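Peer 1: Following this message is one structure expressed as structure tokens.
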Amino acid sequence: MSIKNNLEKDIKTSLLSGDKLRVSVLKMLKAAIQTEEIRIKGELRNDDILKVLQQEHKRRRDAAKLYIDNSEDERSQKELNEAKIVAEYLPQPMTKDEVMRIIDEARGVHGDNIGLIIKTVIEAGKGRIDGAMVAELVRSSQ
């Protein structure tokens, strides 16, 4: 079943259960996907939908961080709750050990070329790795 079909099904289920936050977040995700489909003038594949969901997840985490920095705990908690809902539709992220193993393999192929190592690791993770974390790990493990 595609991610879009899961979203549609989950929106209906959430409407019936009365979970307003979940309905709001799922509709926002659906709108973000539709916006991207309009932009590219076509249907999105699951890989492309995952990219949209990752962007939305990152937006929620970044907003929560800003709210925390400005001592707005209620807003930050709302953003974190929304990020948790979005994360349910994302693949399980790789552990730090898994990422380090891929970094070591890439380092064996590319030597000390940090840019190529980061690119290789991110491609190997296919949406399961945060690029900023990869860059930090690559630079710290030299």
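Every number in this text was worked out from the coordinates using simple rules, so none of it is lab data. Nothing here was measured: the structure is a model prediction, and the numbers come from that model. Cβ placement follows ideal geometry from the backbone for every residue including glycine, while neighbour counts extend to all protein chains displayed.
Peer 1: Kindly indicate which of Arg75, Arg59 is surrounded by fewer than 17 Cβ atoms within 10 Å (Cβ to Cβ), of a type outside the set (S, T, N, Q) and within 20 Å of Gln92 (Cα to Cα).
Peer 2: Arg59
Peer 1: Would you confirm whether or not the stretch 81-93 contains a residue that is free of Cβ contacts under 8 Å to residues at least 60 places away in the same chain, over 21 Å from Asp130 (Cα atoms) and not acidic (Asp, Glu)?
Peer 2: no
Rundown of residues vs (1) hydroxyl-bearing (Ser, Thr, Tyr); (2) within 24 Å of Ala124 (Cα to Cα), yes/no style:
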position	(1), (2)
Lys12	no, no
Glu37	no, no
Lys41	no, no
Leu44	no, yes
Asp47	no, yes
Tyr67	yes, no
Asp73	no, no
Glu88	no, yes
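Peer 1: OK, next. Answer yes if at least one residue in the stretch 94-110 is surrounded by 18 or more Cβ atoms within 10 Å (Cβ to Cβ) and over 20 Å from Val134 (Cα atoms), and no otherwise.
Peer 2: No, the stretch 94-110 contains no residue that is surrounded by 18 or more Cβ atoms within 10 Å (Cβ to Cβ) and over 20 Å from Val134 (Cα atoms).
Peer 1: Kindly provide the set of residues from the stretch 69-117 that are under 19 Å from Asp19 (Cβ atoms) and basic (Lys, Arg), ordered by number.
Peer 2: Lys78, Lys84 - these are the residues of the stretch 69-117 that are under 19 Å from Asp19 (Cβ atoms) and basic (Lys, Arg).
Peer 1: Here is a further query. Which ones in the stretch 45-77 are more than 18 Å from Ala132 (Cβ to Cβ), touching a helix residue (DSSP H, G or I) at 6+ places or on another chain (Cβ under 9 Å) and touching a residue at least 40 places away in the same chain (Cβ under 8 Å)?
Peer 2: Asn46, Ile49
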